[in-house]
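Structure first, then comments.
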Amino acid sequence: MARSAPVDRRLIIARSATASQLADQVDEAVSLVSYHLRKLAEHGLIEEAETQSADGRERWWQPASDGISIRDEDFRDAPEKAAAHTAASRLFFEQRADMYRRYLDERPHWGDAWTTASDSAEWLLRLTADELSELSKEMYALVRKYEERGRAADASGDTEGRENVAVHTYGFPFRF
């Protein structure tokens, strides 16, 4: 799975899939992908989905939410959860960095429209914790608006020119 999108990202894009379908996409054993999916479900990141085929033996999965978001308050009640929070945050950051590195390597193949539309930006702001929280909520709402627009277009058959797009945000305090 080193150079392909992780199973959880593939599932978010597909909206629902079986372990077999995902295993084909990431070139891994169905048993390994199935195990990974069960672990994601144990932690509430994915959930069982309505069966989408006549084969009742297939177990379908779907994301438990519209994206991947790790919030500190979900991990505060136990030290082992804090360590898991840090480990998961680092893993997701590395996966996101790998996605962006891959885009940079492949950028010449995307064409002018996509390379012009792509963005890499950094803002260094002076905010309170409440203002950062408000900013995050507003950014989430904006991204959800575009996600809904894309899903509606896909559902109506308007897929011309549409690609999967990753939007990564990090908002955190720092000192020099």
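The values are calculated or read from the model by the stated rules, or taken from the named source; none is laboratory data. Because the structure is a prediction, the values reported are computed rather than measured. Cβ atoms come from the backbone with ideal geometry, glycine included; neighbour counts cover every protein chain shown. For the accessible areas, the whole protein counts, side chains as well, though only heavy atoms, and no ligand, DNA or RNA atoms are used. Shrake-Rupley method; radii C 1.70, N 1.55, O 1.52, S 1.80 Å.
Right, L104: within 26 Å of L11 (Cβ to Cβ) and surrounded by 14 or more Cβ atoms within 10 Å (Cβ to Cβ) or not?
Details: within 26 Å of L11 (Cβ to Cβ): yes; surrounded by 14 or more Cβ atoms within 10 Å (Cβ to Cβ): no.
So L104 does not fit the description; no.
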Failed condition for I13, given (1) open to solvent by less than 80 Å² (accessible area, probe 1.4 Å); (2) modelled with pLDDT under 85; (3) closer than 26 Å to V167 by Cβ, with all others met? (1)
For residues that are loosely packed, with under 11 Cβ neighbours inside 10 Å and among the charged types (D, E, K, R), scanning just the range 46-89, find the one that is modelled with the highest pLDDT. E50
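With A113, A121 as the choices, which residue is open to solvent by less than 90 Å² (accessible area, probe 1.4 Å) and either in contact (Cβ under 8 Å) with a residue 24 or more places away in the chain or part of a helix (DSSP H, G or I) (or both)?
Values: A121 fails: either in contact (Cβ under 8 Å) with a residue 24 or more places away in the chain or part of a helix (DSSP H, G or I) (or both).
Every option except A113 fails the conditions.
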Please find, within the range 150-176, the residue that is modelled with the lowest pLDDT out of those that are assigned to a loop (DSSP other than H, G, I, E, B), surrounded by 10 or more Cβ atoms within 10 Å (Cβ to Cβ) and more than 15 Å from the chain's Cα centre (by Cα). G171
Tally the residues that are under 26 Å from E147 (Cα atoms), over 18 Å from the mean Cα position of the chain (by Cα) and either hydrophobic (A, V, I, L, M, F, W, C) or part of a helix (DSSP H, G or I) (or both), restricting the search to the range 50-67. 1
Cβ-Cβ under 6 Å pairs, at least 6 apart or on other chains, the range 24-35 side free of Cβ contacts under 8 Å to residues at least 24 places away in the same chain and part of a helix (DSSP H, G or I), far side of a type outside the set (V, I, T) and surrounded by fewer than 14 Cβ atoms within 10 Å (Cβ to Cβ): V30/S20
Looking at (1) of a type in the set (A, V, I, L, M, F, W, C); (2) open to solvent by 100 Å² or more (accessible area, probe 1.4 Å); (3) not in a loop (DSSP other than H, G, I, E, B), can you tell me which one L142 breaks? (2)
